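Report on the following structure.
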Amino acid sequence: MITGKQRAYLKKLAHDLEPQVLIGKAGITDNLIEQINQTLVKRELIKIKILNNNMQDRQELLDELIDRLQAEFVQEMGSRIVLYRKNPDENILQLPK
């Protein structure tokens, strides 16, 4: 679980990130989960964009992503979601205490 201070720091880092993954009409698939998983291993922080043609409820979609990826919710800004998951093998981002 990340603290409020850590969440604020991650929001600051995510501000300039471009979305690395787009979720469209197909919704959440196993391939999409694998793609996000690989990105989280490399970066720890990811911005995801939900396209307008996705008809799934955003909160349900967010809950499913967090559950399947074992990631931390950082921020939701309109159609963009920011997730964080610590890489156990190496510290890529140094979070404040």
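The values are calculated or read from the model by the stated rules, or taken from the named source; none is laboratory data. All of these numbers come straight from a predicted model, not from anything done at the bench. Quick reminder, even Gly has a Cβ in these numbers, built from the backbone with ideal geometry, and neighbours come from all protein chains shown. Side chains are part of the model used for accessible areas, which takes the heavy atoms of the whole protein and leaves out ligands, DNA and RNA. Shrake-Rupley method; radii C 1.70, N 1.55, O 1.52, S 1.80 Å.
Can you give the accessible area per residue of the chain, in Å², using a 1.4 Å probe?
Heavy-atom accessible area per residue stands at 62 Å².
I'd like the Karplus ³J(HN,Hα) series for segment 15-24: coefficients 6.51, -1.76, 1.60, θ = phi - 60°, whole numbers in Hz, and an x wherever there's a Gly or Pro.
Per residue, the Karplus-derived 3J(HN,Hα) values read 3, 8, 6, 8, x, 8, 9, 10, 10, x Hz.
So what's the convex hull volume per residue for the Cα atoms of the chain, in Å³?
Hull volume over Cα atoms, normalised by residue count, gives 95 Å³.
On a 0 to 90° scale, report how tilted helix 30-43 is relative to the longest principal axis of the chain, with both axes built from alpha carbons and the result rounded to the nearest 10.
The angle comes out at about 20 degrees.
Taking θ as phi - 60°, what are the ³J(HN,Hα) couplings along segment 50-57 by the Karplus curve (6.51, -1.76, 1.60), each to the nearest whole Hz, with x for Gly and Pro?
Running phi through 6.51 cos²θ - 1.76 cosθ + 1.60 with θ = phi - 60° gives 9, 6, 5, 7, 7, 9, 6, 4 Hz.
Would you please name the GluC sites (Glu not before Pro) within segment 48-97 that are DSSP coil residues with at most 13 other C-beta atoms within 10 Å of their C-beta?
Loop-located and lightly packed - E90.
Could you list, in their original order, any pairs among K49/K86; K11/K86; K11/K97; K11/K47; K25/K86 whose Cα atoms are separated by more than 18 Å?
Check vs 18 Å cut-off fails for K49/K86; K25/K86.
On the full set of protein chains, 1.4 Å probe, figure out the accessible area of L13 and give it in Å² to the nearest 10.
60 Å²
To the nearest 20 Debye, how big is the dipole of the chain about its Cα centre, given +1 on the beta carbon of each Lys and Arg and -1 on that of each Asp and Glu?
460 debye
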